[in-house]
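Visitor: Let me give you the structure first, and then I'll get to my questions.
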Protein chains: 2
Amino acid sequence: MNAEIIAVGTELLLGQIANTNGQYLSNQLMQHGVNIYKHTVVGDNLPRIRQAIRIAAKENDIVILTGGLGPTEDDVTRNALAEEYGLNLVYNQQALDKVEAFFESRNRTVSDANRRQALHTEGAHVFQNNAGLACGMVYKHSDAWFFLLPGPPHELKTMVEEEVSPFLDAMNESRDFLLSRVLKFYGIGESALEARVHDLITQQTNPTIAPLAGQDEVTLRLTVKTTDRSDAKKRLDELEEAVYKRCGSFLYGYDEDTLFSRTLDDLRSKGWTLAVAESVSGGLLGASFTDVSGASDVYAGGAITYSNEAKEKQLHVKAATLEQHGAVSEACAKEMAEGVRNEYGTDTGVSLTGVAGPSPQEGHPPGTVFIGISSPDKTHVYKRRLRGDRSSIRRRAVKDACACLLEVGGEK
Amino acid sequence: MNAEIIAVGTELLLGQIANTNGQYLSNQLMQHGVNIYKHTVVGDNLPRIRQAIRIAAKENDIVILTGGLGPTEDDVTRNALAEEYGLNLVYNQQALDKVEAFFESRNRTVSDANRRQALHTEGAHVFQNNAGLACGMVYKHSDAWFFLLPGPPHELKTMVEEEVSPFLDAMNESRDFLLSRVLKFYGIGESALEARVHDLITQQTNPTIAPLAGQDEVTLRLTVKTTDRSDAKKRLDELEEAVYKRCGSFLYGYDEDTLFSRTLDDLRSKGWTLAVAESVSGGLLGASFTDVSGASDVYAGGAITYSNEAKEKQLHVKAATLEQHGAVSEACAKEMAEGVRNEYGTDTGVSLTGVAGPSPQEGHPPGTVFIGISSPDKTHVYKRRLRGDRSSIRRRAVKDACACLLEVGGEK
């Protein structure tokens, strides 16, 4: 089954927001074995919505419209479908009751504009909205299914999960479904990764294998289409095994994992706690760890020591070290990592000192970063030359610190 | 002039990324007085790209394509345009030299696939790519201008700023141009701000005034269309004055300002330095300050003290305070701010202690945050009840800390 997603909303054309609904719906539909061939965005304009519907219906089994179901005058998606095919709009009692109850509970009068949110084309199947007031619907005309779904992302997601997904499952006559597994890599570029798995990409049939370059990272999405869940898992395992042989040393996690969550998991499994000493990254490493729910059993905190004075006072870096080697040095990174580990009484300490730019510092070009890792066994310092602007260098430095903690890819 | 933006890339249809290029281009084109009526996304598929070009050319003066200019086999945007109108593809020497120099400098052979990035349709004006290898182009066929631009966002932005914007300016025959000024507000919601400037929005003609809700912040974009730059500035000043009368207490900056850059500017103007003591925010405030170029003359660093032990040892918070009031308390915030100010020897100290969630802590619900500000005059603690998930609470806490430092909007 082929589908097109039409997002309705002038705010999208003005560039006020990105079409994240298109991305979300593509992801969801893929999992039901639906192929998406086009995304379209049109404004809140009845003739233009009708035209988009007409073009999409010619080429697709499914046309999904999101947005334009609200109470204001420019919400005309329902009307566009009704006018295009000469259909009547009627109220859904359950949705109407909900609108009226909502306004009554607030002692406000229900306007006709608000009641419009309970309208659907005659003969449609209605999707209730458990996160808002505008109901959704699906209507079959000729050979095409038209889904009308709300625009606000949390309403859309709630309706898709609770109402649309089960409907799509029921529509799926072949009972095929898609199961995906995302493998996450750090320390290898997209083209290098593609080269290593090129034979697998060339041979792919089912499962398929799709590389995607993200920010500083690369992922491979393995997707199997099947009717049998245990068979699906087996096939994904086999493909993952083949991938692992080719580039396993760069694989750090799966699906929702991040470098930060994996690093904390790894330390947790060893029973180790962690403190950070940040100069070049100014708090970004600590903030990234804190973003992981449940971080506090591993991550104790740390010191942001931008100035030499703070490095000496807070981390007990020796004045002689700073004088002889500078703050951007292997020796300073070592003393920072050991200092923060002692000061915070943790099992491991990690330090970051370097040059974010735009100007060089102590004769080092921007991108020069030393990462110190002090563990119960030893202290080791890694040197990096990172590319990019100030913000990229800092972002990559903290990710590299995780890679060092995980020893993903080893020393570079 | 009317335009359609066509983004090319199967990864967009698979839902791997959102079409942020569409959003960016809409914003840019608006500033050149171009109206966007449609966004389309198609996959890396030659017949489908040709079809999208054909439909768009019927209805628009300008068709912008992004993506599909790279070296791999599925990059076929140039070929689609060339085939659709029967045009020859030829090399641009400057772009070709760049591709060859790039590979030579890495001692790698240049493949024909890589050379393809220097191709353009005969008779086109070529845009050089100063952030990558694939050149862009603009070609006029019949009454429509076709712009082909790279897909990677940083390449797209560089090319738009350096090459496409000046070209669009030159195309603009009326010599009218748009001048915008963005006013940035914190501490007031979108609907409350709109209500305050409702009369200005109703009366708007030239300049126009457009509210936009961003992440935790609201902006008003004032845009004037004119041929006379000094007249433009005067009109923007007058409208800003009218806005200021209605909600000036929430205005913190303009255009590229952030709460963090404005806070640092404000402290710099007073000749004050700053240290941060972070518990609930785990380093995010420090990281946000460090993101501002030139931060180091104001921002000295700080301590991330997640545990009570660290608060006592690093910041000299009294054990009795933690015992009697807990870590999430006005008393603790006060001692943290004073402690970090003393420890780092700065003029000001700011502290953040609270509950990010998802679980309550010390009986306080998620979102409870105390912000301590210790300055040469006094120490003051602000209490906040923030909404949202873990990550939103932390993000808002650090922004609120800036607002407190700036005294934007006063106490809430």
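The values are calculated or read from the model by the stated rules, or taken from the named source; none is laboratory data. Predicted model, so just to flag it, every value in this text is computed and none were measured. Using ideal geometry, Cβ is built from the backbone for each residue, glycine included, and neighbour counts are taken over all protein chains shown. To get the accessible areas, we keep the full protein, side chains included, count just its heavy atoms, and leave off ligands, DNA and RNA. Shrake-Rupley method; radii C 1.70, N 1.55, O 1.52, S 1.80 Å.
Visitor: Scan segment A:222-235 and tell me whether some residue there is in a helix (DSSP H, G or I), assigned by TED's automatic domain parsing to the domain that holds residue A:351, touching a residue at least 12 places away in the same chain (Cβ under 8 Å) and farther than 24 Å from residue A:198 by Cβ.
Guide: no
Visitor: For residue A:265, which of the numbered conditions (1) buried (at least 19 other Cβ atoms within 10 Å of the Cβ); (2) within 23 Å of the chain's Cα centre (by Cα) fails to hold?
Guide: Failed condition: (1).
Rundown of residues vs (1) at the interface with chain A (Cβ under 10 Å from one of its Cβ atoms); (2) of a type in the set (A, V, I, L, M, F, W, C), yes/no style:
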| residue | (1), (2) |
| --- | --- |
| B:333 | no, yes |
| B:349 | no, no |
| B:358 | yes, no |
| B:363 | no, no |
| B:372 | no, no |
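Visitor: Let me ask you something else. Out of A:327, A:333, A:356, report the one residue that is buried (at least 23 other Cβ atoms within 10 Å of the Cβ), on the phi < 0 side of the Ramachandran plot and modelled with pLDDT under 95.
Guide: One residue alone meets the criteria, A:356.
Visitor: While we're looking at this one, here's another question. Testing residue A:265 on (1) without any contact (Cβ under 8 Å) to a residue 40 or more places away in the chain; (2) in a helix (DSSP H, G or I); (3) within 14 Å of chain B (Cβ to nearest Cβ), one condition comes back false. Which one is that?
Guide: Unmet for residue A:265, out of (1) without any contact (Cβ under 8 Å) to a residue 40 or more places away in the chain; (2) in a helix (DSSP H, G or I); (3) within 14 Å of chain B (Cβ to nearest Cβ): (3).
Visitor: From the residues in segment B:72-87 that are surrounded by fewer than 17 Cβ atoms within 10 Å (Cβ to Cβ) and not hydroxyl-bearing (Ser, Thr, Tyr), which one is farthest from residue B:131 (Cα to Cα)?
Guide: Step by step, filter segment B:72-87, then rank; the result is B:86.
Visitor: Any residue at all in segment B:239-251 that is closer than 21 Å to residue B:372 by Cα and in a strand (DSSP E or B)?
Guide: Looking for residues that are closer than 21 Å to residue B:372 by Cα and in a strand (DSSP E or B), one finds none in segment B:239-251, hence no.
Visitor: Related question: Suppose the filter is in contact with a Pro (Cβ under 6 Å, 6 or more places away or on another chain) and either farther than 19 Å from residue A:299 by Cα or open to solvent by less than 40 Å² (accessible area, probe 1.4 Å) (or both); does residue A:350 pass it?
Guide: no
Visitor: Residue A:221 passes all but one of (1) within 14 Å of another protein chain (Cβ to nearest Cβ); (2) touching a Leu at 6+ places or on another chain (Cβ under 8 Å); (3) open to solvent by 30 Å² or more (accessible area, probe 1.4 Å); (4) closer than 24 Å to residue A:350 by Cβ; which number fails?
Guide: (4)
Visitor: Taking residue A:126, is it of a type in the set (Val, Ile, Thr), open to solvent by 40 Å² or more (accessible area, probe 1.4 Å) and on the phi < 0 side of the Ramachandran plot?
Guide: no
Visitor: I would also like to ask the following. Looking only at segment A:295-306, count how many residues are out of contact with any Lys or Arg (no Cβ under 9 Å at 6 or more places or on another chain) and open to solvent by 10 Å² or more (accessible area, probe 1.4 Å).
Guide: Counting residues in segment A:295-306 that are out of contact with any Lys or Arg (no Cβ under 9 Å at 6 or more places or on another chain) and open to solvent by 10 Å² or more (accessible area, probe 1.4 Å) gives 3.
Visitor: Tell me which residues, restricted to segment A:301-310, are in contact (Cβ under 8 Å) with a residue 40 or more places away in the chain and either over 27 Å from the mean Cα position of the chain (by Cα) or more than 8 Å from chain B (Cβ to nearest Cβ) (or both).
Guide: A:302, A:303
Visitor: Cβ-Cβ under 8 Å, sequence separation 6+ or interchain: first residue in segment A:394-407 and β-branched (Val, Ile, Thr), partner assigned to a helix (DSSP H, G or I). Which pairs?
Guide: Going by the 8 Å Cβ cut-off, the qualifying pairs are A:398/A:284; A:398/A:285; A:398/A:288.
Visitor: Right, next: Out of segment B:312-322, which residues are facing another protein chain (nearest Cβ under 9 Å) and either open to solvent by less than 10 Å² (accessible area, probe 1.4 Å) or in contact (Cβ under 8 Å) with a residue 12 or more places away in the chain (or both)?
Guide: Selection gives B:314 alone.
Visitor: Let me ask you something else. Out of the residues in segment A:175-205 that are in contact with a Cys (Cβ under 9 Å, 6 or more places away or on another chain) and of a type outside the set (A, V, I, L, M, F, W, C), which is most open to solvent (accessible area, probe 1.4 Å)?
Guide: Restricting to residues being in contact with a Cys (Cβ under 9 Å, 6 or more places away or on another chain) and of a type outside the set (A, V, I, L, M, F, W, C), the top hit is A:196.
Visitor: Among what's in segment A:45-66 and is within 13 Å of another protein chain (Cβ to nearest Cβ) and assigned to a loop (DSSP other than H, G, I, E, B), pick the residue that is farthest from the chain's Cα centre (by Cα).
Guide: Per the criteria, the residue is A:45.
Visitor: Separate question: Is segment A:278-286 home to any residue that is among the acidic types (Asp, Glu) and open to solvent by less than 30 Å² (accessible area, probe 1.4 Å)?
Guide: Among the residues of segment A:278-286, at least one is among the acidic types (Asp, Glu) and open to solvent by less than 30 Å² (accessible area, probe 1.4 Å), which makes the answer yes.
Visitor: Across segment B:8-44, what is the total count of residues that are more than 8 Å from chain A (Cβ to nearest Cβ) and under 28 Å from residue A:210 (Cβ atoms)?
Guide: 5
Visitor: A follow-up question, please. On the given criteria, is residue B:337 within 31 Å of the chain's Cα centre (by Cα) and within 14 Å of another protein chain (Cβ to nearest Cβ)?
Guide: It is false that residue B:337 is within 31 Å of the chain's Cα centre (by Cα) and within 14 Å of another protein chain (Cβ to nearest Cβ).
Visitor: Would you say residue A:274 is buried (at least 24 other Cβ atoms within 10 Å of the Cβ), closer than 20 Å to residue A:407 by Cβ and under 30 Å from the mean Cα position of the chain (by Cα)?
Guide: Against the criterion (buried (at least 24 other Cβ atoms within 10 Å of the Cβ), closer than 20 Å to residue A:407 by Cβ and under 30 Å from the mean Cα position of the chain (by Cα)), residue A:274 qualifies.
Visitor: Still on this structure: Looking only at residues in segment A:359-403 that are more than 15 Å from residue A:330 (Cβ to Cβ), of a type outside the set (A, V, I, L, M, F, W, C) and in contact with a helix residue (DSSP H, G or I) (Cβ under 8 Å, 6 or more places away or on another chain), which one is surrounded by the fewest Cβ atoms within 10 Å (Cβ to Cβ)?
Guide: A:387
Visitor: Let me ask another. Determine which single condition residue B:354 fails, assuming it passes every other condition in (1) without any contact (Cβ under 8 Å) to a residue 40 or more places away in the chain; (2) over 13 Å from residue B:404 (Cβ atoms).
Guide: (1)
Visitor: Is one or more of the residues making up segment B:94-109 part of a loop (DSSP other than H, G, I, E, B), open to solvent by less than 20 Å² (accessible area, probe 1.4 Å), more than 9 Å from chain A (Cβ to nearest Cβ) and farther than 20 Å from residue A:9 by Cα?
Guide: No, that holds for no residue.
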